Every structure is written in structure tokens, then in C-alpha cells.
Amino acid sequence: MDNIYVSEIRDNWQAVQEKIAAAAKRSKRNIRDITVVAVSKLQPVAKIEAAIQCGITDFGENYPEQAVEKIHHFAGNKQIRWHMIGHLQSRKASIVASEFSMFHSLDRLSIAARLENQLETVNRILPVLLEVNISGEISKAGWDLRTMSFEHWIDEVNQITKLPSLRIQGLMTMPPFDTQPEQSRIYFHQLSELRNRLIKVFPGLELKHLSMGTSQDYEVAVEEGATLVRIGTAILGHRQ
Ligand SMILES: *Cc1c(COP(=O)(O)O)cnc(C)c1O
């Protein structure tokens, strides 16, 4: 028997996929280049179960300790990928090193070094994205290129490229909250431009990802080149 969440999540999932397909078409992109990460932070296991039944394979979590219970619950399902999308405290780095498929929110050099140590212990490689505070909003995490020079940032990125267990695969951002999705476009566009600059500096890195767009503005994000959209409530409903 389907659990009580399946029909709602199936409808939501279908609507999201249709909107992404339309946005991809408008911007002449291939939908295969866009992965939806269903953000399951503060959501019960039963909703994740329902989402898996609807064909969702990628889940995003912000809090490592809460995530680890869910990850272990679904450990038998090898198709599921867990994405860490929240700010990481250094004492929780070992959880991310051993349990997650991708870390979207690498926002400082010290956490990169910490992760490298932990990854070596568990003998894993971790794809990571560099979180950029593209708007310069005080409350947001990520490298802020309004207060740090591009050269200084490049120097830090270069140090991260030397860590053998981390693989930089792109950039991530969280624009200021706005109820008008169009307000996010400039920030998504700037993140995409920043990736282009980074590719010129590091031609050897495969910087294929732009993680941007939430329930609020994922269609705009897709139009601006997002390869990973992080969608919570529009798929899984309200959080606890
Ligand atoms: C919670 C969260 C999301 C999802 O937000 P929704 O509004 O539920 O889509 C995406 N990205 C990050 C970093 C988040 O913390």
C-alpha cells in the first residue's frame, strides 16, 4: 500500500518536472543536464519513502546528524544519492566525509582541509561545489567576492585543488530571499559568469555544475544554467 504522502508528492513531482522541462526548452537546454535534489531537511522518513516511490533519487540535507539517520534507513537502496547543502561545522565533517555523495556548500579553506583528513581515513573521494555569497548579503554563507579579491579567492581555490580527496565540480549559491523569482536572475547569471572565469583559470577542472534555485526560483535558475536545483517544499510539502 502506498503511504499517505505518495499521491501529493507524485503530483508535485510531476508539476516540477514539467516546469523544468519548459524552462529547459525556453533556454535550449537538455533536461538530462539538470538534476533535481529534493531537499528533505526536517521532513520525516515516510515522505522520503514516498518520494523514492515516485522515482526521486537525489535528496538534500542541511544537518548531518539528522541526515545520518535517514541515510542509514535507506542504506539498502544503492540508487539514492545524498547531497549535503547546508553550512558545515568542522566537528561534523566526518559525517559528510563518510556518508554523502556530494557536498554543495564548501565555503572556506579550513573545512576543506578538515574534510580531506576525514576522507583519507575512510578512503573516499568527495565531489564538492564552492559556495559563493554572490549577493554579499551578510546573513549568507560562502565566499564573498565583494570583500575578497578574485586573486585571493583563486589562491584559496588553488589550495583546495591540491587536496587529493576533494573534487571541485562547480559552484553553488543561495540568493537573498525574494518572493519574486525574477529578482534571483541576476545572481544566478553572476554565478554562471563566475564559473566561466574559473574555467579560464583552471582549464583542467571539470566545473560542470551550478547548484542554484529552490522552490521559489528554480525555473529562472534552469534558464540561467543550473545543473542542480535544490527543491524542498514544492516537492515534499511543508517542513516540520
Ligand atoms: C532548505 C533549502 C533549500 C530548499 O528550499 P525550499 O524553499 O524548500 O525549496 C535549498 N537550498 C538550501 C541551501 C536550503 O537550505
task: Could you check which residue among LEU115, LEU145, LEU171 shows the biggest mean-square fluctuation in a GNM of the chain with a 10 Å Cα cutoff?
output: LEU145
statement: Flagged as over-length at 21 Å C-alpha distance, from LYS78/LYS162; LYS162/LYS200; LYS25/LYS200, the pairs are LYS78/LYS162; LYS25/LYS200
message: Place a point 7 Å from the Cα of ILE154 along the Cα-to-Cβ direction; which residues of the stretch 198-225 have their backbone N under 14 Å from it?
response: 198-204
statement: Once the in-chain neighbours fewer than 8 apart are removed, the aspartates and glutamates whose Cα is under 17 Å from LYS208 read ASP33, GLU131, GLU193, GLU223, GLU224
- prompt: Of TYR63, TYR5, TYR218, how do they rank once you tally other Cβ atoms within 10 Å and put the fewest first?
  reply: TYR63, TYR5, TYR218
query: So how do 96-102, 11-17, 146-152 stack up, highest first, on mean other-Cβ count within 10 Å?
result: 96-102, 11-17, 146-152
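Does the stretch 109-190 come out rounded, prolate or oblate by the C-alpha gyration tensor, with a ≥ b ≥ c the root eigenvalues, rounded set by a/c under 1.5 and, if not, prolate when a/b is larger than b/c and oblate if not? Before the final figure, lay out the partial values.
Numbers: a/c = 2.64, a/b = 1.91, b/c = 1.38.
Prolate shape, in that a/c is at least 1.5 and a/b is the bigger ratio.
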task: Taking the Cβ of ARG26 as the centre, find all other residues whose Cβ is under 10 Å away and add up their charges (Lys, Arg: +1; Asp, Glu: -1).
output: +1
message: Please compute the length gained on full extension between LYS162 and ARG91, using 0.36 nm multiplied by the number of residues separating them and subtracting their Cα-Cα distance.
response: 23.3 nm
message: Is there a quick way to get the dipole size of the chain? I mean about its Cα centre, with the Cβ of Lys and Arg at +1 and of Asp and Glu at -1; what is the value in debye to the nearest 20?
response: 400
field: Kirkwood Rh (inverse of mean 1/r, distinct Cα pairs), the chain, angstrom
entry: 18.2
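Given R₀ = 35 Å, what would the calculated FRET efficiency be for ARG185 paired with SER110, taking r from the Cβ atoms and rounding to 0.05?
On the way: r = 32 Å, r/R0 = 0.93.
So the FRET efficiency works out to roughly 0.60.
If you filter the stretch 90-130 for trypsin sites (Lys or Arg not before Pro), then keep DSSP loop positions with at most 15 other Cβ within 10 Å, what is left?
On the way: sites: ARG91, LYS92, ARG108, ARG114, ARG124; in loops: ARG108, ARG124.
Those satisfying the criteria are ARG124.
Check every DSSP H run in the chain and write down those whose alpha carbon atoms cover 18 angstrom or more along the long axis and whose mean Kyte-Doolittle hydropathy is -1.0 or greater.
6-26, 109-122, 185-201
Each value in this text was obtained by applying a stated rule to the coordinates, not by laboratory testing. Everything numeric in this text was worked out from a predicted model, so none of it was measured. All Cβ positions, even for glycine, are placed from backbone atoms using ideal geometry, and neighbour counts span all protein chains on display.
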